[in-house]
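Comments concern the structure below.
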Amino acid sequence: MRQLAGAGQRLGALSTETHYLRGERMTLPRHRGQATWVFPRHEVERFEAEHRSMKARPGYDLTLRPPKSVSVLWALGTAEQRAAIRQAHAEAVDAVVDYMERHAVFARRGTGDRGRIEVDGVVGAAFDHRTSRAGDPLLHTHVVVANLTRTAEDRWQAVDGRCLYNHARPAGFLYQAQLRHLLTERLGVQWEDVRNGWAEITGVPRPVVRAFSKRRDEIEEMVAESGYTSARAHQIATLATRQAKQYGVAADALDAKWRDEAAALGFGDEQVAACFDRPPVQTARPVDLDAEFSFLAGAEGLTRQASTFGRGEVVEALSERLVASSATDVNRAVDVFLASAHVQPLAPDRAVGEWVWRRGGDRTRSDDLARYTTPQLLDLEHRLLAWSTDGFATATPGAHGTAVDAVLANHDELSVEQEAMVRAVCSPDAPAIQPVAGRPGAGKTYAMAAAVEAFAASGVPIVGCALSATAAAELEAATQLGEHYGREASTVARLLIDAGRHGLSPGTVVVVDEASMVGTRDLTRLAEHAASVGGALKLIGDPDQHGPVETGGVFRNMVAAQGDRLVELVENNRQIDEGDRTNIDAYRQGLVESALSRYDAAGRVVRSPNAAASYDAMVADWYDTVRQGGTDPMIAGPNRVRVALNARARARLAADGELTGPALVAGDREYRGGEWVVARRNDRRLVGDNGAFVKNGSSGRVAAVDRERHQLTVDFHKEGRIMIPREYLDAGFVDHGYARTTYGVQGATLERALYHAGDESSFEEGYVALTRGRVDTRIYLVEGASPVDDDNAHRAHDTDSTGLDTVSAAMERRRTKALAHDADPHADRVHAEFAGWDLARLHGERTRLEAAIADAPPDPTDALVAAGRRRDALETQRRTWTGQLANAQRGGHSWRPGNRRTVDATVTRATRQLGHIEASIGGLNARIQTLRDQWQTRRSYFESHAAEVDRLALVRRAEQSRELQVRTHARIEPPEAVVAALGAEPDALTARQAWHNAAETRAVHDERFPTDTNGDLDAHWSQRLADAAINTAQTAGRDRVPVDAELGV
């Protein structure tokens, strides 16, 4: 164990009180003058069950470890190399602690507002380890942080865990970057490509890395057995599989064992030495930050798959791209990027969580908590949403009414809502971008085919597309676009290429099927092409199914914005069973638990004690269907489940002699005759008898295997018989097709839907799976309990149950993507109006607008609310006195007979009080009417000044965003006045916080009032300066906490 060497103040020492739970007894340790108490295990369990309380979180554990190749070289290197690696690891851990204290550690105020507040640092310790429990070399450190910290208001509060969690992954990326920097600089190692933040050292063979990863294999094996794949499942597997520590093993014995294992794999001293002191891959040159920032702000950067980002995502991206840069350089680059014109800060209406109470009492937005987007993406969203409401400034192409009537007369099988869809889609009054939402099995594509006929009869050109080639083929099969126009439906990518080369015909209507899966950038390009020829876009899809992999959310936004005008198909024409339709309706409304309970009650949920049994049960049911002529695949969630189901299905078919002939091996897959396969890449060169080409998602069965030519002949279900050549096989583009993920079956109709659910399911995944089967739907899951390690865990007899409740909780989580516009509906206008404006210009504009509406009538809202409450109170009193008066006049049971004097007194008093109350209510009614008139006058005033009011709101948002960037930039280039008054930025955390507050305050003032050297800032600046000076003096001369030597193995 060693103390943390972070920049913050250490707040206190850790103390522990140990209780021992072993076997069937709990033993409390002996204290001076006391006896040892021993309790039977069942008594402890009974007591805990009766006194169970809410689970408290005593602390947090951030585990940091280098790539396995680093641990391997540490185990096999020379003494000097080993010491250098351990020191680099320790310094990288310290860099992470410093980052977390700077950007991730906050508390909630102990007051009514519960806002976030600056703190004095963390109470914690770092536990260094050098081996895994499987005995392999594994340098790693557990940074254990107590859930307690001291705030800037000198209160002890719990740590805000949400911020820690949000920054834990970026902290891991930063650790890896710092480690790469130090090892490159000190030991001359080179690195493989960085993937997901990690990079292995060049020269350490993969078999060696794998051989020294026994612990990971144990965990993955346990995860596979459990049938659950989430982070929580991995955590449980880590606890359940860990062996007891072997404290008696000598370090020399471990070293010898490791060297022998490596040598047996051909990785001896000579190979180890070759990993160090390598010449640089290329001559050192300064990092081109402008180029890096342009990439991050571009289509392939931070907004490739999400519309917004925060500091954490920028840390991750730059830690990967600045491969060998230090943590200090990465953090500085992050600040420069966030303060630049490459990003646009968002200002959500509910952004309270982004504001932090600072030392000295200020409350400002924190760039550690704020969300950002890019101007480029804002522009795309703005144009799309504007087109959807305002059109393309041209008439929307529509079909002739007579043509629509004729088509509908020929399609009397269409339902009422399908006919309404055809008329709405063909109407010349339709929006230029028209969303059509239809539930699975509602007949969206079938109705669209009738609309295509009407457009064709009216001479309106149409092109059709979908994200995948298989979905495009389904659209083509339904609409026969090729027959009507000589151009078949294609993928979105193919249509964009063709439109870019040749353009579209004037007035072209572009039909996009499965529109919920198309990203923002592709939709914008399609809209641009349609707008350029005076055309229109028809977006057909279901917002509750899977969304795009790329940045998206436009279709869902447009559907919501349509309101009552939305063209929608809600009838379920797919599921035969009424109960299935009811269950799907409940699920769609968010009643996930209720829907799954109904499936369970109907015997549609198949439980098994572990994953192997669950997969076997699913494959057995699938195989029964196959023997009856079924061709539907099983449905899986994660790919690892799909792979496991494929393996078991193949084994079952092989055992029954369904797979025949010689085996052909390509990559890591084997193929035989009769094999179910699915293609994974579009290839227009591979064409079947009917002229259709192989698509990503084309499925079929292997008809013949040619081992000599290394090729397969496949009978595809829709494309016909096609020969698959060597290069396509060796590239891994042919997979086994017994099981498919929900992405692979979206848009398909199956007879029986057999779905394996787990703890990584989502609302969209479950919705797609449950809506596929016409005749039957079955859900397979693992139900059991995962025991926690008795020797190492608190409350060791507790178990983590899994089953239908786990799956239900997972399916209640949505993974829909949102627009930047959803986070801040005004961001696009703010950027369009005020991009490049500094605080001085924004302040001047705000002052002008405030003066323009300064003579507005006073706001009577508070007075109106107070008067209304007073009237309500008086009316309550009136009801009370009226009741007493009536009771007295009737001589009710509460009055003694003959006591006339008391009754008369009560009547007199009640009458007098009621008179006062009536007079008061009358006066209040008059006042309320006067206040309402004032309110209406004020409203009319602001309606007549709507342009100024609207612009003022935008200016204030722009000012807020600009101020955030100015504060960020003040850390990079602090004002000269701060440095002159306080010196350089201090190391101690609290002093640094006060220093930053002074720098930010001064920077904001200097940009807002560039010609004012003192002005309004005098008192405020003096206070910030004093706070910084006091904190700097209090921490002056305080050394960083030293790193002690590791204790033990």
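The values are calculated or read from the model by the stated rules, or taken from the named source; none is laboratory data. The model shown is predicted, which means the values in this text are computed figures rather than measured ones. Backbone-built Cβ (ideal geometry, glycine too); neighbour counts: all protein chains shown.
Computed values, structure above
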item: Any hit, segment 342-356, residues being assigned to a loop (DSSP other than H, G, I, E, B), within 30 Å of Q178 (Cβ to Cβ), in contact with a helix residue (DSSP H, G or I) (Cβ under 6 Å, 6 or more places away or on another chain) and modelled with pLDDT of 95 or more; result: yes
item: Options G883, G868: the member that is out of contact with any helix residue (DSSP H, G or I) (no Cβ under 8 Å at 6 or more places or on another chain), on the phi < 0 side of the Ramachandran plot and surrounded by fewer than 16 Cβ atoms within 10 Å (Cβ to Cβ); result: G883
item: Qualifying residue in segment 277-298 (condition: modelled with pLDDT of 95 or more, buried (at least 16 other Cβ atoms within 10 Å of the Cβ) and among the aliphatic types (A, V, I, L, M)); result: yes
item: Any pair with Cβ under 6 angstrom, 6 or more apart, that starts in segment 323-337 at a residue that is outside the structural domain of A177 (by TED's automatic domain parsing) and ends at one that is small (G, A, S); result: A327/A95; V330/A177; V330/S319
item: Options L139, L179; residue that is over 19 Å from R332 (Cα atoms) and either in a strand (DSSP E or B) or of a type in the set (A, V, I, L, M, F, W, C) (or both); result: L139
item: From the options V592, V567, V533, residue that is among the hydrophobic types (A, V, I, L, M, F, W, C), without any contact (Cβ under 8 Å) to a residue 60 or more places away in the chain and surrounded by 17 or more Cβ atoms within 10 Å (Cβ to Cβ); result: V533
item: Subset tally (residues that are among the β-branched types (V, I, T), in a helix (DSSP H, G or I) and closer than 30 Å to G700 by Cβ) for segment 585-633; result: 3
item: Residues of segment 570-584 that turn out to be surrounded by fewer than 23 Cβ atoms within 10 Å (Cβ to Cβ), touching a residue at least 24 places away in the same chain (Cβ under 8 Å) and not in a loop (DSSP other than H, G, I, E, B), as a count; result: 1
item: Conditions (1) under 23 Å from V518 (Cβ atoms); (2) modelled with pLDDT of 95 or more: number failed by L467; result: (2)
item: Residues (touching a Leu at 6+ places or on another chain (Cβ under 7 Å) and crowded, with 16+ Cβ neighbours inside 10 Å) located in segment 675-709; result: E675, F693, V694, V702, V705
item: Residues that are under 37 Å from the mean Cα position of the chain (by Cα), not hydroxyl-bearing (S, T, Y) and not in a loop (DSSP other than H, G, I, E, B), drawn from segment 970-990; result: A970, R971, I972, L989
item: Those residues of segment 659-671 which are crowded, with 18+ Cβ neighbours inside 10 Å and not in a strand (DSSP E or B), in sequence order; result: L659
item: Within segment 455-546, helices (runs of 4 or more DSSP H) holding 1 or more residues that are over 30 Å from the mean Cα position of the chain (by Cα) and under 27 Å from V694 (Cβ atoms); result: 469-479, 481-485, 492-502
item: Qualifying residues in segment 99-123 (those that are in a loop (DSSP other than H, G, I, E, B) and of a type in the set (K, R)) - the one farthest from H142 (Cα to Cα); result: R114
item: Qualifying residue in segment 548-557 (condition: in contact with a Lys or Arg (Cβ under 7 Å, 6 or more places away or on another chain) and not assigned by TED's automatic domain parsing to the domain that holds V511); result: no
item: Unmet requirement for Y165, which otherwise passes all of (1) surrounded by fewer than 20 Cβ atoms within 10 Å (Cβ to Cβ); (2) of a type in the set (S, T, Y); (3) in contact (Cβ under 8 Å) with a residue 12 or more places away in the chain; result: (3)
item: Residues located in segment 115-144, provided they are surrounded by 21 or more Cβ atoms within 10 Å (Cβ to Cβ), more than 28 Å from A211 (Cβ to Cβ) and in contact with a helix residue (DSSP H, G or I) (Cβ under 9 Å, 6 or more places away or on another chain); result: R116, E118, V119, D120, G121, V122, G124, A126, V143
item: Unique residue being touching a residue at least 40 places away in the same chain (Cβ under 8 Å) and surrounded by fewer than 21 Cβ atoms within 10 Å (Cβ to Cβ) when the list is A493, A478, A457; result: A457
item: Cβ-Cβ under 8 Å pairs, at least 6 apart or on other chains, segment 206-217 side over 17 Å from K257 (Cβ atoms) and modelled with pLDDT of 65 or more, far side among the aliphatic types (A, V, I, L, M) and surrounded by fewer than 17 Cβ atoms within 10 Å (Cβ to Cβ); result: P207/L265
item: Which listed residue is in contact with a helix residue (DSSP H, G or I) (Cβ under 9 Å, 6 or more places away or on another chain), within 30 Å of H342 (Cα to Cα) and either without any contact (Cβ under 8 Å) to a residue 40 or more places away in the chain or hydroxyl-bearing (S, T, Y) (or both), from E959, E973, E963, E948; result: E973
item: Scan of segment 769-778 for residues that are under 15 Å from S808 (Cα atoms) and either surrounded by 24 or more Cβ atoms within 10 Å (Cβ to Cβ) or not assigned by TED's automatic domain parsing to the domain that holds S594 (or both), ordered by number; result: A769, L770
item: A244 of a type in the set (A, V, I, L, M), surrounded by 15 or more Cβ atoms within 10 Å (Cβ to Cβ), under 30 Å from A612 (Cα atoms) and modelled with pLDDT under 50; result: no
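Residues are listed down the side, and each one gets a yes or a no for (1) surrounded by 17 or more Cβ atoms within 10 Å (Cβ to Cβ); (2) out of contact with any helix residue (DSSP H, G or I) (no Cβ under 8 Å at 6 or more places or on another chain):
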residue	(1), (2)
V70	yes, no
E80	no, yes
R86	no, no
H89	yes, no
D94	yes, yes
V97	yes, yes
M100	yes, no
F106	yes, no
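Yes/no matrix, rows are residues, columns are (1) aliphatic (A, V, I, L, M); (2) in a helix (DSSP H, G or I); (3) within 30 Å of R957 (Cβ to Cβ); (4) in the same structural domain as G534 (by TED's automatic domain parsing):
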| residue | (1), (2), (3), (4) |
| --- | --- |
| D367 | no, no, yes, no |
| P397 | no, no, no, yes |
| D412 | no, no, no, yes |
| Q418 | no, yes, no, yes |
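One line per residue, one yes/no per condition, for (1) surrounded by fewer than 18 Cβ atoms within 10 Å (Cβ to Cβ); (2) assigned by TED's automatic domain parsing to the domain that holds R752; (3) under 34 Å from the mean Cα position of the chain (by Cα); (4) closer than 17 Å to A769 by Cβ:
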residue	(1), (2), (3), (4)
V605	no, yes, yes, yes
N610	yes, yes, yes, no
Y615	no, yes, yes, yes
M618	no, yes, yes, yes
R627	yes, yes, no, no
T631	yes, yes, no, no
M634	no, yes, yes, yes
V641	no, yes, yes, yes
A647	yes, yes, yes, no
